[in-house]
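Asker: What follows is a single structure, and I will ask about it in a moment.
Nothing in this text is a laboratory measurement; each read-out follows from the coordinates by a stated rule. Fair warning: this is a prediction, and the values are worked out from it, not measured in the lab. Glycine gets a Cβ as well: all are built from the backbone with ideal geometry, and neighbour counts include every protein chain shown.
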Amino acid sequence: REMPQGPANQTTAPPAAATKANVVILATGGTIAGAGADATNSATYQAAKVPVDKLIAAIPSLGELANVRGEQVFQIASESFTNAQLVQLAKRVSQLLKQDDVDGVVITHGTDTLEETAYFLDLVVKSDKPIVVVGSMRPSTALSADGALNLTDAVATAANPASRGKGVLVTMNDEIQAGRDVTKRVNIKPSAFFSQWGPLGMVVEGKTYWFRAPVKRHGTSSEFDIDTIDTLPEVAIVYGSGNMNPAAYTSAVQAGAKAIVNAGTGNGSVAGYLVDTLKDLRAKGTIVIRSSRVGDGFVLRNAEQPDDKYDWVVAHDLNPQKAKILAAVAMTKTSDTKELQRIFWEY
Ligand SMILES: NC(=O)C[C@H](N)C(=O)O
């Protein structure tokens, strides 16, 4: 029977090994490598149990998308990620992408701090080759597990030259999200990941479809380079609410925080009775960054508080956990608040 002729030429056989992209899967653990006692356990399970070779072997069709090999970097739930592990992972990604025989990297990751890792890599890995971070909401042993399709989409995206130069990408629930923007919004459904500026595209049946591209500095246009970063400074987030205790700020600084991200109410607002505490911390050298617990929108400079007068920085549209990552990366280079504010506008 004659196959229909489509513009996308989807009826041809998969590319031969030599023409297929080489994709390395760096596994770090998370629910995508999780295992439950029973198929009905969609939320009760142990994360970070299944080794990367087993994850790959469970999806034979990956081999049709790319030449895939795995490397087990960590085997942890993502809430346990430390700065030292972030740095180690990013250095490995950078090293791999410098190799001619690597076309793209996929990182399997827990979803809880996936957005931090994706943004960190976006800022510090100087490569145009695709970097895709992926996780799952259900363990591999669950009914309707989402990991296999998310990972397939990640490999398809990493193998596709159209993904180059678009920053770190995240493939969850059929969507391609910008690693900079994406955030975990729901803690129990496969549709957990969201970006207020919308997904960049979709993956359907192994093909990528693109609708927009990021404009913020990243990758090769970033001034930060993981090859020159070995440690990150301590940044604390203090969550805003009614009836705050100033000790939340002062104790964070006493414990070593060099910057505080204020996850303020509304447009990053700060209670009147806290202002002196934050002014005092700034006078003694702590960087004060106003973000918002609201999550969407963006904090306006000199609205709600006179940032110019107090020498505070605003986080622009970054939620507190993203602001924490950018602050830590930026402070490897500067503690100048004008420079920090420039960086918060540009990245
Ligand atoms: N869905 C997940 O991956 C959650 C898990 N706690 C993790 O981040 O590792």
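Asker: Do the sum for the chain: with -39,500 (n - 2.57) for every DSSP H run of n ≥ 4, divided by all residues, what is the mean residue ellipticity at 222 nm, to the nearest 500 deg cm²/dmol?
Answerer: On the way: 10 runs with 90 residues, N = 347.
Using -39500 (n - 2.57) per qualifying helix, the result is -7500 deg cm²/dmol.
Asker: Treat each spin label as a single point 7 Å out from the Cα along the C-beta direction, and report the K338 to S191 distance in nm.
Answerer: Reported label-point gap for K338 and S191 is 4.8 nm.
Asker: Tell me the relative contact order for segment 267-347 as a rounded percent, counting alpha carbon contacts under 8 Å between residues six or more apart. Please report the intermediate quantities before stating the final value.
Answerer: Working: 96 pairs, mean separation 23.1, N = 81.
That works out to 29 percent.
Asker: State to the nearest 20 debye the size of the charge dipole of the chain about its Cα centre, where the only charges are +1 on K and R beta carbons and -1 on D and E beta carbons. If you can, show how the numbers build up before the last one.
Answerer: On the way: 34 positive and 36 negative charges, 45 e Å.
Once rounded to the nearest 20, the dipole reads 220 debye.
Asker: Once you list every other residue whose beta carbon is under 10 Å from the beta carbon of L300, what net charge do they have if Lys and Arg are +1 and Asp and Glu are -1? Provide the component values of the computation, followed by the final result.
Answerer: Details: positive: R290, R301; negative: E304, D307.
Summing Lys/Arg as +1 and Asp/Glu as -1 gives 0.
Asker: Next question. Which pairs in the list K91/K258; K258/K333; K126/K216; K126/K207 are over 19 Å apart, alpha-carbon to alpha-carbon? Please list the in-between numbers first.
Answerer: Numbers: K91/K258 24 Å; K258/K333 13 Å; K126/K216 14 Å; K126/K207 26 Å.
Checking Cα-Cα distances, K91/K258; K126/K207 exceed 19 Å.
Asker: When the Karplus curve 6.51 cos²θ - 1.76 cosθ + 1.60 is applied with θ = phi - 60°, which whole-Hz ³J(HN,Hα) does each residue of segment 244-257 get, with x for Gly and Pro?
Answerer: 7, 9, x, 4, 4, 7, 5, 5, 4, 5, 4, 7, x, 5
Asker: Which value, in debye to the nearest 20, gives the size of the charge dipole of segment 251-306 about its Cα centre, when Lys and Arg are +1 and Asp and Glu are -1 at the Cβ? Display every interim value, and only then the final one.
Answerer: Values: 7 positive and 4 negative charges, 37 e Å.
For this selection, approximately 180 debye.
Asker: On a 0 to 90 degree scale, rounded to 10, what angle separates helix 320-330 from the longest Cα axis of the chain?
Answerer: Relative to the chain, helix 320-330 is tipped by roughly 80 degrees.
Asker: Right, something else. Could you give the distance between the Cα centres of segment 95-127 and segment 150-165, to the whole Å?
Answerer: First find each Cα centre; the distance between them is then 12 Å.
Asker: Here is a further query. First check a/c for segment 91-165, with a ≥ b ≥ c the square roots of the eigenvalues of its C-alpha gyration tensor; if it is under 1.5, answer rounded, and if not, answer prolate when a/b is larger than b/c or oblate otherwise.
Answerer: Details: a/c = 2.48, a/b = 1.63, b/c = 1.52.
Prolate is the answer for segment 91-165, as a/c is 1.5 or above and a/b outweighs b/c.
Asker: So, R0 is 41 Å and r is the distance between the beta-carbons of A213 and T19; what FRET efficiency does that work out to, to 0.05?
Answerer: On the way: r = 26 Å, r/R0 = 0.62.
With R0 = 41 Å, the Cβ-Cβ based efficiency is 0.95.
Asker: Here's something else I'd like to know. Which whole-number percent gives the relative contact order of the chain, counting Cα pairs below 8 Å spaced six or more residues apart?
Answerer: Values: 772 pairs, mean separation 47.7, N = 347.
Worked out over the chain, it gives 14 percent.
Asker: What spacing in nm lies between the two simple spin-label points modelled at A57 and T82, each 7 Å away from Cα in the Cβ direction?
Answerer: So the two model labels end up 3.2 nm from each other.
Asker: Using only Cα atoms, tell me the angle between helix 83-97 and the longest principal axis of the chain; keep it within 0 to 90° and round to the nearest 10.
Answerer: For helix 83-97, the angle is close to 40 degrees.
Asker: Compute the helix-to-body angle for 147-158: its Cα long axis versus the longest principal axis of the chain, expressed 0 to 90° and rounded to tens.
Answerer: The angle comes out near 90 degrees.
Asker: A follow-up question, please. With unit charges on the beta carbons (Lys and Arg positive, Asp and Glu negative) and the dipole taken about the Cα centre of the chain, which residue among A330, A162, V125 sits farthest to the positive side?
Answerer: A330
Asker: On to the next question. What's the ranking of 333-339, 74-80, 320-326 by average number of surrounding C-beta atoms within 10 Å, highest first?
Answerer: Listed from highest to lowest mean packing, they are 320-326, 74-80, 333-339.
Asker: Quick one: of the DSSP bridges fully inside the chain, what percent are antiparallel, nearest 5?
Answerer: The antiparallel fraction comes to roughly 30 percent.
Asker: Give me the one-decimal nm value for the distance between modelled label points at Q95 and K279, 7 Å along each residue's Cα-to-Cβ direction.
Answerer: About 5.0 nm separates the two model spin labels.
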